[in-house]
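See structure below.
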Amino acid sequence: MFENLIGQDSIKQQLISEIGQNRLPHSILFSGEDYSGKMTAALELARAISCSRDNAPWDCDCRSCKDHRVMNNPDLLLLGKRYFLEEIKASAELMNRSRAGFSVYMFIRNVRKLLKRFEPAIWEGQEKKLSKYSGTLSSVIEMLEQLDPEKELMPEDALKKYLDDIINQIRTLTAAVPGTTPVDQIRNISKWAHRTSSGKAKIVIIEQADTLLESSANSLLKILEEPPPHVTFILTTDRKGNIIQTIRSRVRHFEFAPRSEESSRVILEKLFRYEDSKLSLFQFFQSWSDTDYNFISTHIRLFMDSCFTGASIRDLDDLFQYFDKHKDKDELKRFLRLLSDELRLRFIEDPDLNATVEGQILISDIQNEINLCSSNSQIYNQSSLFLLESLFYNVREKYEAFCK
Ligand SMILES: [Zn+2]
């Protein structure tokens, strides 16, 4: 079990032991940075508890495991948002480059992680909304079925065109996944959870559970207070502090360690066949986003420089114009996350910062400002332009105080 989760050994061992002793609770929270392995662990946990055998490995040949491997098990529901497009594009490129069976599996799983958000059970009562996407959905499903990991792939040029075509349709679908899981969907999963099933276990995974609005969180709490037997809820978050206390007290919490440079390197080598990559996993996946990654990374450095040198905020006009055009909250989240990476890098490289207590406090204060900015965007839906401007002045003020 958990063969495909790289690193996070203590969590792996704990989960295996609790499954073995039948002590695993019905409500679980996985917290940790993006790309720390929470979803991989959640999906493997779902497979393991639904498997008709005990302790069976990832490639178990029971019906349930076979369905889980291609993410097509009817007893699994997925809700919430993630960076769908980035991982789908990265795995498509891998399939074009390696043409290996494992890359086909990875691609199918990544696309199905998205398709799973469109299960009719989740959209009951909202069929009209869903029907707008039904053409695109069936087309992607049909195209996906033509990709068989066990068979020879189509010729190179045809494959590239085929995958590009799928990805174009994926863009339409990702836009349809709600940024925060609406209360209707939570009520629907409650109904679904109470229905009987033919399988051994039913699993609901809710990603970015910290973004649930109050009504959804309260509705979820009701289910967690009296979970139907045979149903397991797995919540994931990269900001556990934003999950309401009443939910936190109902779940078993597992904290995923941030990916070290070495662990990122191993994952990029083993899964994506990139040797000696210097990118963090976050940087790697973001380089596959539709965002102009070069623009963003240049402006992250410019943002820090401007905060630290007393330059005018006007120097950041291009950046502000960019966020005026791109109002998607994920876009700001991405920017802030990369800004944190840049901050960490400057801290490591600058002895004025890392060798003094004041420097360490400054960095941690700036990091808090960045986190606050991210919460205000995700939870309170404040405008990206307003948040970035406040962040700029707050960071500058802290830096000026430090220099005195
Ligand atoms: Zn099995």
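Among 244, 267, 205, which is buried (at least 21 other Cβ atoms within 10 Å of the Cβ), within 30 Å of residue 340 (Cα to Cα), in contact (Cβ under 8 Å) with a residue 24 or more places away in the chain and not polar (S, T, N, Q)? Break it down stepwise before answering.
Numbers: 244 fails: buried (at least 21 other Cβ atoms within 10 Å of the Cβ); 267 fails: buried (at least 21 other Cβ atoms within 10 Å of the Cβ).
Residue meeting the stated conditions: 205.
Considering only residues of the stretch 189-202 that are in contact with a strand residue (DSSP E or B) (Cβ under 7 Å, 6 or more places away or on another chain) and under 21 Å from residue 40 (Cα atoms), which is surrounded by the most Cβ atoms within 10 Å (Cβ to Cβ)?
Of the residues in the stretch 189-202, the ones in contact with a strand residue (DSSP E or B) (Cβ under 7 Å, 6 or more places away or on another chain) are 189, 192-193, 201-202.
Narrowing further to those that are under 21 Å from residue 40 (Cα atoms): 201-202.
Details: 201: 18, 202: 26.
My answer is 202.
Do we find a residue being crowded, with 18+ Cβ neighbours inside 10 Å, on the phi < 0 side of the Ramachandran plot and part of a loop (DSSP other than H, G, I, E, B) anywhere in the stretch 155-174?
Looking for residues that are crowded, with 18+ Cβ neighbours inside 10 Å, on the phi < 0 side of the Ramachandran plot and part of a loop (DSSP other than H, G, I, E, B), one finds none in the stretch 155-174, hence no.
May I ask you to list the residues in the stretch 91-108 that are within 20 Å of the chain's Cα centre (by Cα) and crowded, with 20+ Cβ neighbours inside 10 Å?
Step one: list which residues in the stretch 91-108 are within 20 Å of the chain's Cα centre (by Cα), which gives 91-94, 103, 105-108.
Within the stretch 91-108, 91, 92, 94, 103, 106, 107, 108 qualify.
Inside the stretch 348-364, can you point out the residues that are in contact (Cβ under 8 Å) with a residue 24 or more places away in the chain and surrounded by 17 or more Cβ atoms within 10 Å (Cβ to Cβ)?
The answer is 362, and nothing else.
Restricting to the stretch 221-241, name every residue that is surrounded by 14 or more Cβ atoms within 10 Å (Cβ to Cβ), under 20 Å from the mean Cα position of the chain (by Cα) and not β-branched (Val, Ile, Thr). If you could, list the steps in order and put the result at the bottom.
First, the residues of the stretch 221-241 that are surrounded by 14 or more Cβ atoms within 10 Å (Cβ to Cβ): 221, 223-224, 227-228, 230-240.
Narrowing further to those that are under 20 Å from the mean Cα position of the chain (by Cα): 232-240.
233, 235, 238, 239, 240 - these are the residues of the stretch 221-241 that are surrounded by 14 or more Cβ atoms within 10 Å (Cβ to Cβ), under 20 Å from the mean Cα position of the chain (by Cα) and not β-branched (Val, Ile, Thr).
Regarding residue 132, is this residue more than 16 Å from the ligand (Cβ to nearest atom) and touching a residue at least 40 places away in the same chain (Cβ under 8 Å)? Lay out the reasoning, then the answer.
Working: more than 16 Å from the ligand (Cβ to nearest atom): yes; touching a residue at least 40 places away in the same chain (Cβ under 8 Å): yes.
Answer is yes for this residue.
Among the residues of the stretch 59-102 satisfying the criterion of being outside any helix (DSSP H, G or I), under 22 Å from residue 285 (Cα atoms) and modelled with pLDDT of 95 or more, which is nearest to the ligand (Cβ to nearest atom)?
Going through the stretch 59-102, the residues outside any helix (DSSP H, G or I) turn out to be 59-62, 70-83, 99-100.
In the following step, the residues that additionally are under 22 Å from residue 285 (Cα atoms) were identified as 70-71, 78-83, 99-100.
Those left that are additionally modelled with pLDDT of 95 or more: 78-79.
Details: 78: 20, 79: 24 Å.
Only one residue tops the list, namely 78.
Right, residue 120: more than 24 Å from residue 269 (Cα to Cα), in contact with a strand residue (DSSP E or B) (Cβ under 7 Å, 6 or more places away or on another chain) and surrounded by fewer than 20 Cβ atoms within 10 Å (Cβ to Cβ) or not? If you could, list the steps in order and put the result at the bottom.
Values: more than 24 Å from residue 269 (Cα to Cα): yes; in contact with a strand residue (DSSP E or B) (Cβ under 7 Å, 6 or more places away or on another chain): no; surrounded by fewer than 20 Cβ atoms within 10 Å (Cβ to Cβ): yes.
No.
Please specify each residue of the stretch 19-50 satisfying the condition of being in contact with a helix residue (DSSP H, G or I) (Cβ under 7 Å, 6 or more places away or on another chain) and within 16 Å of the ligand (Cβ to nearest atom).
Those that are in contact with a helix residue (DSSP H, G or I) (Cβ under 7 Å, 6 or more places away or on another chain) and within 16 Å of the ligand (Cβ to nearest atom): 19, 45, 46, 47, 48, 49, 50.
The values are calculated or read from the model by the stated rules, or taken from the named source; none is laboratory data. Treat the numbers as computed from the prediction; the structure is a model and nothing was measured. Reconstructed Cβ throughout: ideal geometry from the backbone, glycine too, with neighbour counts over all protein chains shown.
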